1. Looking at the P(r) of the chain, how many percent of alpha-carbon pairs lie beyond 40 Å?
2. Using alpha carbon centroids, what distance separates segment 223-292 and segment 48-71, in Å?
3. Placing +1 at every Lys and Arg Cβ and -1 at every Asp and Glu Cβ, with all other atoms neutral, what dipole size does the chain have around its Cα centre, in debye to the nearest 20?
4. Please report, in debye to the nearest 20, how large the charge dipole of segment 162-318 is about its Cα centre when each Lys and Arg carries +1 at its beta carbon and each Asp and Glu carries -1 there.
5. Only Cα pairs under 8 Å and at least 6 apart count here; give the relative contact order of the chain as a rounded whole percent.
6. Taking a cut-off of 20 Å between Cα atoms, list the aspartates and glutamates near Lys259, but don't count ones fewer than 8 places away on the same chain.
7. Which of the lysines could be linked to Lys140 by a straight reach, that is with a Cα gap under 26 Å, when you skip same-chain ones fewer than 8 residues away?
8. Under the rule a/c < 1.5 gives rounded, and otherwise a/b versus b/c splits prolate from oblate, where does segment 383-536 land using the Cα gyration tensor?
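None of the figures in this text is laboratory data; all of them are computed from the coordinates on show. In this text the structure is predicted, and so the values were computed from the model without any measurement. Cβ: placed from backbone, ideal geometry, glycine included. Neighbour counts: every protein chain shown.
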Amino acid sequence: MKLAHFSFLPFLLVVLISLIGATFADSHGNFLICLHLRPANSSTNSKVIYMQNNPSYSSVLNAYIQNTRFITPATPKPLVIVTALQISHIQSTIYCSKKHGLQIRIRSGGHDFEGLSYVSEVPFVILDLLNFRAVKVDVKNEVAWVESGATLGELYYGIATKTKTLAFPAGVCHTVGVGGHFGGGGYGILMRKYGLAADHVIDALLIDVNGRVLDRKSMGEDLFWAIRGGGGNTFGIVLAWKIKLVQVPAVVTVYTVNKNLEQNVVKILNQWQYIARKLPNDLFTDVTMTKVNSSQAGKKTVQAAFKGLFLGGVDKLIQLVQDTFPELGLTKKDCLELSWAESVLYFGGVPTQSLEIMLNRTALGRPTFKTKSDYVKEPIPESGLQGIMSRFLEKEADIALMMMVAFGGKMEEIAETELPYPHRAGNLFQASYLVGWTNGEDEGKYISWIRRLYSYMGTYASKSPREAYYNYRDLDIGTNNVGYTSYEQASIWGRKYYKNNFKRLAQVKTMADPMNFFRNEQSVPPLSSPWKKKSN
Ligand code: FDA
């Protein structure tokens with residue numbers, strides 16, 4: 001790619017003046033000067049580079065922070081935010097960060113549960129892809145190109161406004177960013193029929209550590225394998241993804257049935273565990289447990305919301321559920337016939353009347369929370385389920401949920417090594433736990449509650465390794481050291497996310513980024529650390 005010159009002079013003068021008095025030797029100042037002296041395709045402006053003294057710095061930083069746990073005065077802040085408008089801005093950011101020893105945090109939708117796309121303990125720059133959000137849908141060939149900074153909602157809207165019979169099997173919450181989501185696997189309500197978002201990526205554009213723009217052919221199959229689930233901020237910057245769309249009926253059916261402790265929820269949940277994985281691929285089901293008010297005044301109970309999406313009409317669904325899971329007592333009044341896109345909104349808990357809400361990045365609100373995940377392979381006995389319920393009655397669980405997402409279907413048919421995401425056959429369900437609190441409250445007791453629940457679940461969850469979902473990032477399961485990262489240390493958390501695929505990911509990393517430039521607390525390191533080599 002040929003690069004023309006930035007006509008940067010006026011802005012450069014402002015930057016230079018703002019740096020007078022500061023130490024020119026520091027990496028921050030040098031990084032900025034480097035950025036402004038770099039050639040690029042066109043002149044840029046103050047809408048691309050946000051230094052801490054820019055009046056818009058805080059609003060740009062906070063705009064895409066999904067977990068408000070990481071909006072506090074104590075949260076480490078980036079030295080600079082670069083909201084790239086064109087590829088050359090990204091290339092310059094890589095070049096100058098490398099040259100002056102700053103870490104890059106890539107941000108697409110900002111939904112990382114531990115805030116790793118915008119928080120770092122070492123001096124860092126945020127490369128924000130919010131301006132890379134084009135969606136191009138080709139209905140005839142059933143494919144689309146989507147840029148990483150787009151949200152799932154923007155992608156779904158792009159598909160739904162062209163056709164009702166094509167869809168994409170990705171996550172439920174429409175505010176999630178494509179970049180991080182596809183990079184970690186991405187499951188949603190079409191998973192039992194079609195698998196993950198990453199299973200349907202057929203090409204991609206990646207900017208590597210040397211600033212080269214690579215597509216599937218030029219990056220090679222190993223790197224292409226790694227970016228489809230091997231985690232973000234590791235192999236390069238994925239700019240855009242070419243995806244294969246999937247077919248859905250014009251009308252699908254959704255349902256919700258609520259059962260609480262007084263309505264035999266433990267028995268019904270126990271039954272669900274035995275049948276959910278074996279249901280036809282056209283039926284996706286999940287269960288969400290929360291604490292709610294009981295019918296007895298002043299008392300609390302635990303409620304399980306049994307939800308489903310059926311790729312067909314309501315009559316067929318009712319018959320199917322009556323035949324396989326009569327204990328649920330599903331009736332027509334629990335069901336709604338919708339389009340697929342509307343069904344995504346239904347599962348996201350937002351009004352289904354207008355698809356425009358899919359374009360609203362803040363429609364889901366911004367909670368303060370901590371999350372963890374598990375995979376469960378054997379049914380939890382009723383006594384075990386009772387134990388979960390009693391933990392939800394504790395006072396720290398006022399804003400808490402446990403979600404059980406039934407596996408089986410297509411997930412049984414895809415080999416563990418097909419992509420880095422390994423949690424395929426043999427899982428009854430994925431469990432995820434969330435606790436929330438009011439921003440500013442002492443988080444300690446809530447985090448301790450979710451850790452106690454996780455510890456309790458150790459008896460029932462997968463073992464050796466205790467698997468976890470990468471996209472439900474959890475730093476409790478292990479982290480890299482800041483600065484020095486060994487493959488052995490990273491294996492502690494890496495095997496939980498990737499099982500035996502972790503070694504292949506480290507091999508690809510060794511080839512793609514041997515000096516471990518793209519890194520964070522849970523990025524796959526090269527097989528042997530560059531720092532270790534140097535000191536030998
Ligand atoms: P963000 O921008 O924070 O990035 C996440 C990670 O990827 C960071 O390490 C980042 O540096 C890196 N990264 C981002 N863009 C990159 C790029 N272009 N190239 C390279 N690296 C990049 N998951 C799921 O599977 N199904 C679901 O239904 C949901 N639902 C859901 C709802 C809500 C409200 C939240 C907060 C999260 C989810 N998730 C989910 C989890 C979600 O898939 C996960 O957090 C994704 O990583 C989010 O992607 P973003 O781009 O938004 O995050």
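1. 23 percent
2. Measuring centre to centre over Cα atoms gives 32 Å.
3. 680 debye
4. 480 debye
5. 14 percent
6. Answer for Lys259, where 20 Å is the Cα cut-off: Asp286, Asp323, Glu327, Asp334, Glu382, Glu394, Asp398, listed by chain and number.
7. List returned: Lys162, Lys164, Lys193, Lys217, Lys242, Lys244, Lys410.
8. Since a/c reaches 1.5 but b/c is at least a/b, the shape of segment 383-536 is classed as oblate.
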